[in-house]
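Bear in mind these aren't lab numbers, they're just calculated from the coordinates by the rules spelled out. As the structure is a computational prediction, the values presented were derived from the model and not from experiment. Glycine also receives a Cβ, built like all others from the backbone with ideal geometry; neighbour counts cover every protein chain displayed.
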Amino acid sequence: MDYSLAAVKMLCSQLRDAKPTPSQNATALGGVLFQRAWLQGVLVPISGGGDNSLVLDDGTGLVELGLSGDFAIRQWKSGMYVMVVGVYHIRTGDIPLLKVNMKTLGL
């Protein structure tokens with residue numbers, strides 16, 4: 001993880017335009033390189049998701065949250081308004097994924 005790259009504050013709809021970079025372990029959006037994304041929104045139920053999967057809706061789109069470590073054991077509930085920072089993963093044919101854990105935050 002390159003912590004010199006900022007955790008970019010963005011909307012779920014902007015993640016659709018992000019592109020992987022071939023020579024770096026990062027993603028680019030409009031010339032800005034990032035590995036971690038910062039999103040805010042409401043947790044919504046997901047059908048068929050595992051215990052450690054939630055979906056965040058920020059009003060512009062959806063992103064799946066992959067939770068691990070201390071975050072996976074917390075009492076997350078549909079309707080909660082949350083702010084998350086996580087490693088962004090582009091997935092073809094599915095909603096984007098943001099992996100959230102203590103290492104993502106540099107803790």
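Please list 35-44, 80-89 highest first by mean number of surrounding beta-carbon atoms within 10 Å per residue. Mind dumping the intermediate values first?
Numbers: 35-44: 19.2, 80-89: 16.6.
Taking the mean over residues of other Cβ atoms within 10 Å, the ranking is 35-44, 80-89.
Here the extension length gained between Thr92 and Asp70 equals 5.1 nm, from 0.36 nm per residue of separation less the Cα-Cα distance.
Sequence-distant or interchain residues sharing an amide H contact under 5 Å with Met80, placed H: which? Amide H to amide H, under 5 Å and 5 or more residues apart or across chains, Met80 pairs with Leu43.
Projected label points at Tyr81 and Ser4, each 7 Å from Cα along the beta carbon direction, are separated by 3.7 nanometres. For Arg16, the amide hydrogen comes within under 5 Å of no other amide hydrogen, counting only partners 5 or more places away or on other chains and with H modelled in the peptide plane. Residues whose amide H falls under 5 Å from that of Gly66, counting only those 5 or more places apart or on a different chain, are Leu98, Lys99, Val100, with hydrogens built in the peptide plane.
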